[in-house]
Amino acid sequence: MEFVTALTHYFYPQSSNSHKAKLLHSSTLFVIIFLLVFYQFSLQFMPSAGVNILGYASSISTDDIVKLTNQKRHENGLSTLSYNQQLTEAAKAKGVYMLEHQFWAHVAPDGTEPWKFFLDAGYKYKYAGENLARDFSSAGSAIDAWMTSPSHKENMLSARYTDIGVAVVEGDLNGVDTTIIVQLFGKPLAGTATPELPLAEARTEVQITPTAFVQPTIAPTQVPPQVIAQVSPLPSPSEVVNSAQTVPVAGQSARLMFSPFTTTRVVSITTVVLLIGVMLIDGFVTSRRKYARIGGRTFAHLAFLGMILAIALVAKAGEIL
């Protein structure tokens, strides 16, 4: 009974709360704001407390990246790209190199350009391009992000390319797990194509397409980078899911793993929905009982909270540049 009384005190206008739900009192709202801010700051200290923070718990298949890319090309009247093992090796090497050298850019701080990885893998290109992405929840969301960016879309829908290679690489920075997608495009020089590819028409000059990049920040690795998905020569749907609740670390016990983006989104949506619900109840009861209320602009408050809720619902992890 005491629990019900306390519950109604916080959620229902009555004499014990001056006919205004306690949750809507300024003092309570300040406490809620303080707790939300404290939670955000606490994320910075969780790694030292044994909590492994995920940049995003992704389930991305490189097969799906290739399949969806070719689907977009088909929809635009273009020929499909052929999977190329050399480009996949180059993509893998680029992802690992970024994590090992703690940078995220098309050109490394030491001046290493993307094209070096093509040549190191034995792929002598006539045309070459690169797309990068980080922390997307699925292959489809990464493809959609690339397609909304003119420069990335140009790479995906370029008629000059014949080959594609994709790697998904995972690394750790300061306790934050990061999932990177490296998508490489190319057309080989005449006489240098791999066996599964037709020979390209020879030309005297070598041209390189402008390179598009998806550019969220990444982290230096505390453990060796690990490629978690790779396209097979004959792509078939597959899925790599990082949904485990604990992750074993060498020499340590399993550490709790969670995504700050996901938890922050859930906490924000829950808080806003709760406040909207209480405000609707408060406004209805106040109107029915004709309580005198100073400064009770319920509609304006609801509109503001509704806007915050809409932003929280459409927010997605993953960035492009």
Handout entry: Residues S141, S27, S16, sorted so that the one with the fewest Cβ neighbours within 10 Å comes first
Key = S27, S16, S141
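Taking a ≥ b ≥ c as the square roots of the Cα gyration tensor eigenvalues, with a/c under 1.5 meaning rounded and otherwise prolate when a/b beats b/c, else oblate, which class fits the stretch 52-147?
Working: a/c = 2.03, a/b = 1.10, b/c = 1.84.
Taking the square roots of the gyration eigenvalues as a ≥ b ≥ c, the stretch 52-147 is oblate.
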Exercise for the section: Show which lysines lie in cross-link reach of K22 when reach means a straight Cα distance below 27 angstrom and same-chain residues fewer than eight apart are skipped. Expected result: K290
Exercise for the section: Using the structure shown, select from K67/K116; K72/K124; K67/K187; K72/K116 the pairs with a Cα to Cα distance greater than 20 angstrom. Expected result: K67/K116; K72/K124; K72/K116
Handout entry: Listed peptides 272-285, 2-15, 155-168 by packing density, highest first (mean Cβ within 10 Å)
Key = 155-168, 272-285, 2-15
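With a/c under 1.5 counting as rounded, go ahead and sort the stretch 94-161 into rounded, prolate or oblate using the C-alpha gyration tensor (a ≥ b ≥ c being the square roots of the eigenvalues; past the cut-off, prolate if a/b is larger than b/c, else oblate).
Working: a/c = 2.14, a/b = 1.19, b/c = 1.79.
Oblate, since a/c reaches 1.5 and b/c is not below a/b.
Computed from the coordinates by the stated procedures, all read-outs in this text should not be read as laboratory data. Keep in mind that what you see is a predicted model, and the values were worked out from it rather than measured. We place every Cβ from the backbone using ideal geometry, glycine too, and count neighbours over all the protein chains shown.
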